[in-house]
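All remarks here apply to the structure that follows.
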Amino acid sequence: MAAPHVALRGVRKVFAGVERSAAVDALGPLDLELARGEFFAVVGPSGCGKSTLLELIAGLASPTEGSVEFEGRPIGASVPDGVGVVFQEDASLPWLDVSANIAFGLRHAPLPAAEKDARVKRALEMMGLVDFAASYPAQLSGGMRQRVCIARTLVTEPRLILLDEPFGALDQQTRLLMGDELLRLWRATGATVFLITHALDEAAMLADRIGVMSSRPGRFLDLVATGWPHERDSRIVEQPSFGTVTARLWKTLREESRKALGTRPPVA
Amino acid sequence: MKHLVLWRILVVAAGVGLLEALCLAGVIDRITMQPPHEIARDLWRMLVSGRMNAAMRKTLGNAALAFASAALAGVAFAALLHGLRQTRATLDPLFATWYAVPVFAFYPLLISVFGLGDLPQVLIGFMLGVVAVIVNTLNGLDRVPRVLLKTARVGRLGRMRTAASITLPYAAPHILTGVKLAVAYSLIGVVGSEFIMSRGGIGYEISFAYNNFDNATMYPLIVLIIVLSTAINAFLSRWEQRLRVRRGQR
């Protein structure tokens, strides 16, 4: 059996209390293995530690206990080579035009200028941004700005792409289309994708496997294999089994979401 | 926007016109002030003759030095201070009250330490300008979104590269506000110190002309200072505006 691309073993994250407030047990203990080239999505109630989990895998935070490995090497307190992250918030650089924003990811890469230019051009084409290469982020819609951020990550040709609710601010139609683009990019790059989302349908549509997290401290309650073919797009939502997957996700998540909100089940 | 500019020009022109009328009508006597058209004429003659070139070189050179050092040191110090929470908390109240300190009062001390050359004047210009740059740079750095700092970490940029390619460019419009103030303060500092004790420079020449009732020299020099300061300020304001518009800010 091939070694996992990403492996989390006994990972816990506890945030120390600030002044008199108590420490927050945010995550774990949890174990997870991602295969190379797998598309893995995480869903869970608000505040369950999804983003913390992503930050641990990215090397943006360190676990309190346990270990995180990427390509067989432990991830320390810095982001390893070959990892790209797309955040939920707009991370475009407002003083650079689209082309320069995308090229920013390669600014310090030891590559010839011609190779950098070629990658930027390819990314512009791939993300449908050619006509906006000279535009500034302030002139773009939220969806286009997010595409710029994805393109900036893609030009570095990461082997692991971490996405923290990248389509959270977009409307439903745009999200579906962006999902198609993401699937296309995933197939084109062969990268392992770790996606955090609050949208069950998005997770069900995009992922090979979905991790359903409990309320805090976040643990995996269920790992759902969707069984979708490698070649797929948003039309997968038309399949009857799509409803089965989302129903299973919601069944697992319903009680946890209640707990997170602090509400009681309705009296029958 | 064009209407606003037009109105601005009209207001200034009306003020100048009023002064012209008051001077020509004798309401303002000639010992106090010449009519503006004569000031303009004398300024032109002064510039053409080149008799004030040495004074202008000294003042503008010193002001430029004071400004450049205030801008560079201010941005560098603020970038460094931004990462030092405790030190920042200690210094913030001092920055807030800095402009309550009469910097010119340090002049005797600066002379006794640095001598009678240009350095004390440059230092006063620097001291007046640098805090404006520090305060505005810190203000800009405080506004850098956390996601951009995370982006820098994902790009594995070190502290210097993060400052050079993320935080300082993000803070640029705020830094430019500080730079704009530093230009004015540096010029004020240098010209003001030339008034107090100097053997040259525009401030000295204005003071000399004032003591000798030489309005034909004093007013053109005052106008020259105002025009220079306003022109630099207007140029920087346009630049600042362009940066803000590019970022979708108004």
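The values are calculated or read from the model by the stated rules, or taken from the named source; none is laboratory data. Everything numeric in this text was worked out from a predicted model, so none of it was measured. Note: ideal-geometry Cβ built from the backbone for every residue, glycine included; neighbour counts use all protein chains shown.
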### Query
Residues of region A:112-141 being within 14 Å of chain B (Cβ to nearest Cβ), among the hydrophobic types (A, V, I, L, M, F, W, C) and over 21 Å from A:Asp180 (Cβ atoms), which ones?
A:Ala134, A:Ala138
### Task
Working only within region B:143-172, note down all residues that are in a helix (DSSP H, G or I), touching a residue at least 24 places away in the same chain (Cβ under 8 Å) and more than 9 Å from every other protein chain (Cβ to nearest Cβ).
B:Arg159, B:Ala163, B:Thr167, B:Leu168
### Query
Got at least one residue in region A:12-22 being within 14 Å of chain B (Cβ to nearest Cβ) and at positive phi?
no
### Task
Can you give me the number of residues within region A:100-111 that are within 9 Å of chain B (Cβ to nearest Cβ) and outside any loop (DSSP other than H, G, I, E, B)?
1
### Query
Given the residues B:Thr90, B:Thr32, which is the only one that is among the polar types (S, T, N, Q) and assigned to a loop (DSSP other than H, G, I, E, B)?
B:Thr32
### Query
Can you name the residue in region B:200-250 that is of a type in the set (Lys, Arg) and free of Cβ contacts under 8 Å to residues at least 24 places away in the same chain and, of all such residues, is surrounded by the fewest Cβ atoms within 10 Å (Cβ to Cβ)?
B:Arg250
### Message
Looking only at region A:126-136, filter to residues that are of a type outside the set (A, V, I, L, M, F, W, C) and more than 22 Å from the chain's Cα centre (by Cα); which one of those is surrounded by the fewest Cβ atoms within 10 Å (Cβ to Cβ)?
### Response
A:Asp131
### Query
Is it fair to say A:His198 is assigned by TED's automatic domain parsing to the domain that holds A:Gly47, in a loop (DSSP other than H, G, I, E, B), at pLDDT 85 or above and farther than 26 Å from A:Arg119 by Cβ?
yes
### Message
Just the residues that are closer than 17 Å to A:Ser214 by Cβ and either charged (D, E, K, R) or under 18 Å from the mean Cα position of the chain (by Cα) (or both), please, taken from region A:7-29.
### Response
A:Leu8, A:Arg12, A:Lys13, A:Asp25, A:Leu27
### Message
I'd like to check which strands (runs of 3 or more DSSP E) are fully inside region A:1-71 and have at least 2 residues that are within 24 Å of A:His198 (Cβ to Cβ).
### Response
A:6-15, A:24-34, A:39-43
### Task
Could you list, in sequence order, all residues of region B:173-185 that are under 18 Å from B:Leu123 (Cα atoms) and free of Cβ contacts under 8 Å to residues at least 60 places away in the same chain?
B:Leu181, B:Ala184
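Okay, residues lined up against (1) within 14 Å of chain B (Cβ to nearest Cβ); (2) crowded, with 17+ Cβ neighbours inside 10 Å; (3) in contact (Cβ under 8 Å) with a residue 60 or more places away in the chain:
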site: A:Gly10; (1), (2), (3): no, no, no
site: A:Asp25; (1), (2), (3): no, no, yes
site: A:Glu33; (1), (2), (3): no, no, no
site: A:Phe70; (1), (2), (3): yes, yes, yes
site: A:Gly76; (1), (2), (3): yes, no, no
site: A:Gly84; (1), (2), (3): yes, yes, yes
site: A:Val98; (1), (2), (3): yes, yes, no
### Message
Suppose the filter is farther than 24 Å from A:Arg219 by Cβ and surrounded by fewer than 16 Cβ atoms within 10 Å (Cβ to Cβ); does A:Glu115 pass it?
### Response
yes
